[in-house]
Amino acid sequence: MAATVRVVPPSEAQQLVEAGHVFLDVRTPQEYASGHVPGSVNVPFMLTGSDGSMVKNSEFLDQVKAKYSSSTPLVLSCRSGKRSNMAANVLREVGFTSLADMEGGMMAWKGPIAR
């Protein structure tokens, strides 16, 4: 049976991180620098292209696989929840088994922010 991606509210995402899950922020490096969850790791799913448009980060899977095993519990987030949902499903498809997607992204996050 294939793993599923659980969509969790920000309060539960914070509890999961406190329990040892890795908070994977898939926003661009520029977005991440503007404010992120303390202790989170930035691996962008999309990057800003030379013309300002968003382009898929072709290294995303390799970058995540280089840092984490497929059994590492991950909580994913982006700005609003769209990119993190796509990223979580890509990770699920390659065998990651413990994935949570934070509903509403950083726009919904009420916890501490690091810069």
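Residue count for segment 101-115 satisfying the condition of being open to solvent by 40 Å² or more (accessible area, probe 1.4 Å) and within 17 Å of Arg6 (Cβ to Cβ): 1.
For segment 91-100, taking the residues that are buried (at least 16 other Cβ atoms within 10 Å of the Cβ) and farther than 9 Å from Thr72 by Cα, the one that is nearest to the chain's Cα centre (by Cα) is identified as Ala100. Of the residues making up segment 31-50, at least one is over 20 Å from Met107 (Cβ atoms) and among the hydroxyl-bearing types (Ser, Thr, Tyr).
Return yes when Arg79 is of a type in the set (D, E, K, R) and surrounded by 14 or more Cβ atoms within 10 Å (Cβ to Cβ) and no when it is not.
Details: of a type in the set (D, E, K, R): yes; surrounded by 14 or more Cβ atoms within 10 Å (Cβ to Cβ): yes.
Taking the combined requirement at face value, the residue satisfies it.
Within segment 42-76, the set of residues being open to solvent by less than 40 Å² (accessible area, probe 1.4 Å) and free of Cβ contacts under 8 Å to residues at least 12 places away in the same chain comprises Gly49 only.
The values are calculated or read from the model by the stated rules, or taken from the named source; none is laboratory data. Note that the structure is a prediction, hence the values are computed from the model and not measured. Backbone-built Cβ (ideal geometry, glycine too); neighbour counts: all protein chains shown. Remember, those area values only see protein heavy atoms, side chains included, never the ligands or the DNA or RNA. Shrake-Rupley method; radii C 1.70, N 1.55, O 1.52, S 1.80 Å.
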